[in-house]
Each structure stands twice: as structure tokens, then as C-alpha cells.
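Participant: The structure that follows is given in the form of C-alpha cells.
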Amino acid sequence: MAMPPRPFRTSWRASSSVPPLASWIRFARSQQATPSGTLRINAFPTAAREIFPWLVLPFLRMYPQVHVDIVSGGFDLGVRSIDLVPADMIAVPLGVARRNVVVGTPSYLKAHGTPMAPQNLAEHCCLRVRLPDGAIYRWPFEKDGQSVHIDVEGAITLDEASLARSAALASVGLALAMESDVRDDIEAGRLVRVLEDWTRTLSPLSLYYPSRRNPTAAFKAFINFARRHSGGSDAPGLSTG
């Protein structure tokens, strides 16, 4: 025999079973039909430059009510090499080929010659880059299973790797750069690749994020957009638990 329903009572006492206000806000945002709000993406400068033109900007054109904030902490999504994504994170491979290149202007190479092996860099002015810990970045090379790191010399040391492109274009010396940063210059003939058979292919980038409940419409839209445009459709699904 079914028991009659108990009368409804109200209470002003806080209950542990009532979700906090922040949870209700997240739930409400997840139900939005139109993606909006802010997405915070953590990415080191090189990765941010790589994904910006083909992923972030097209996404913003499609979803103009979303604001993307590239941050160093407190983020919704991260970007890093797929082999460095923590095991407890959900990863969405971006499938973008990445490679280091050594480049110089035609006029620099005409004046100083073309290095044929990494050891020849000792005869050249190279644009050195200082890492955040203060160490000078050693240029990595690899060929036929042989790996070598060269402590290059040059007249300029930079804290920001992207400045090396400007110096290289001014014929100051050779620069080690991400191919994506100088591709237009190479295609236009402003810069020339050298040591091509020694430059390494790097692990592709990946978006990553923790499992979460009630992801916002903007968050879901960005993940789905990344999968469609990066060939990562076989990546793990967006977790709702």
C-alpha cells in the first residue's frame, strides 16, 4: 500500500545536500544554447602562436560571444606537447606537425657560407635564447639515431625566442625557430632553411583538461571545434562525470 506524500515544508537552514551557488551557476552556463563567456587557455608562447591562427581566431569568428584569455594559471584548458600531458587529464590531440628549423637570410648565407653539420655552427653567429631558469638553450639536432646538443655562440642573447626571427631577418645571424613561426618567410624567400636533415620532428600539441561536471557551452563548443579542425575526432569524449 502506497504511503501518502508528506506535506511540503520550507526551511531557511542551510543543507549540505543543496549545491553551492557556484555549482548552480556552472550548471546554468552549461545549458546555454549560445556559447558565451570567457575561456582561459594555458599555453607556453610557442604553442599559443601555433594554435592562434588556425584554431583560436576561426573559433572566435564562429562564436563572437566567447572571449578567449591566454593565461599562465587558473585555466579551463591547457596546451602542451602530447607526451607531456598529465595522465589524469583528458587529452584532445591537435594533430599538427611540428618541427624546429635553422634559418638565415640569403645575404647572410652568401657572406658566411652554409653550415652542413651542427658542428659547423661554431663558425657562425647564432641567435642565442635564454630559458626562464637563466640557462642558455642548447640547439638540439638528430640524424640517423645520433643526437647532439650545440651550445651556440653569437652577438645577441634573447629572453624571447620570437625576437630571433626579427634578428635573423636583419641578417644578424642564424636562428633556431619553430617552423610555424617562419613558414611565411621561408616561402617568400626571406629566410632559407639549413641543416634540414638534422632538425628534429617534435611531438604534436594537445589540448588537455580535467574531467568536469556541467562544462559551459563555450567550453564544449571549443573542444568540438578543435576536434573537427585538427583530425582529433578519435580523442576521448567530453566527460560529464
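The values are calculated or read from the model by the stated rules, or taken from the named source; none is laboratory data. What you see is a predicted model, and the numbers here were worked out from it, not measured in a lab. So basically every Cβ, Gly included, is an ideal-geometry build from the backbone, and we count neighbours across all protein chains shown. These area figures cover heavy atoms from the full protein model, side chains too; ligands, DNA and RNA do not enter into them. Shrake-Rupley method; radii C 1.70, N 1.55, O 1.52, S 1.80 Å.
Participant: Among the charged types (D, E, K, R), under 27 Å from N214 (Cα atoms) and at pLDDT below 90, is that true of R26?
Facilitator: It is true that R26 is among the charged types (D, E, K, R), under 27 Å from N214 (Cα atoms) and at pLDDT below 90.
Participant: Using the structure shown, decide if K143 is open to solvent by 60 Å² or more (accessible area, probe 1.4 Å), in contact with a Phe, Trp or Tyr (Cβ under 7 Å, 6 or more places away or on another chain) and among the charged types (D, E, K, R).
Facilitator: Yes.
Participant: Further, regarding this structure: Hey, among A155, A170, which residue is at pLDDT 95 or above and out of contact with any helix residue (DSSP H, G or I) (no Cβ under 8 Å at 6 or more places or on another chain)?
Facilitator: Unique residue meeting the criteria: A170.
Participant: Moving on. Identify, from the list I150, I156, I186, the residue that is of a type in the set (A, V, I, L, M, F, W, C) and open to solvent by 40 Å² or more (accessible area, probe 1.4 Å).
Facilitator: Result of the check over I150, I156, I186: I156.
Participant: What is the one condition in (1) of a type in the set (G, A, S); (2) part of a loop (DSSP other than H, G, I, E, B); (3) within 22 Å of the chain's Cα centre (by Cα) that S166 does not satisfy?
Facilitator: Among (1) of a type in the set (G, A, S); (2) part of a loop (DSSP other than H, G, I, E, B); (3) within 22 Å of the chain's Cα centre (by Cα), S166 violates only (2).
Participant: Applying the selection to the range 30-69, what residues are open to solvent by 70 Å² or more (accessible area, probe 1.4 Å), in contact with a strand residue (DSSP E or B) (Cβ under 7 Å, 6 or more places away or on another chain) and over 13 Å from L207 (Cα atoms)?
Facilitator: Selection gives T38, H67.
Participant: Could you grab me the full set of residues in the range 73-93 that are closer than 25 Å to W139 by Cα and either open to solvent by less than 30 Å² (accessible area, probe 1.4 Å) or touching a Lys or Arg at 6+ places or on another chain (Cβ under 8 Å) (or both)?
Facilitator: Taking the range 73-93 first, the residues closer than 25 Å to W139 by Cα are 79-85.
Within the range 73-93, V79, S81, V85 qualify.
Participant: Could you tell me how many of the residues in the range 94-110 are open to solvent by less than 60 Å² (accessible area, probe 1.4 Å) and outside any loop (DSSP other than H, G, I, E, B)?
Facilitator: Final tally of qualifying residues: 9.
Participant: Which is not charged (D, E, K, R) and not in a strand (DSSP E or B), of A218, A175?
Facilitator: A218 is the lone residue from the list that is not charged (D, E, K, R) and not in a strand (DSSP E or B).
Participant: Residues in the range 111-136 that are assigned to a loop (DSSP other than H, G, I, E, B) and open to solvent by less than 80 Å² (accessible area, probe 1.4 Å): how many?
Facilitator: Final tally of qualifying residues: 10.
Participant: Can you tell me which residues in the range 196-241 are touching a helix residue (DSSP H, G or I) at 6+ places or on another chain (Cβ under 7 Å), closer than 21 Å to L57 by Cβ and modelled with pLDDT of 85 or more?
Facilitator: P204, L205, S206, L207, T216, A217, F222, F225, A226, H229
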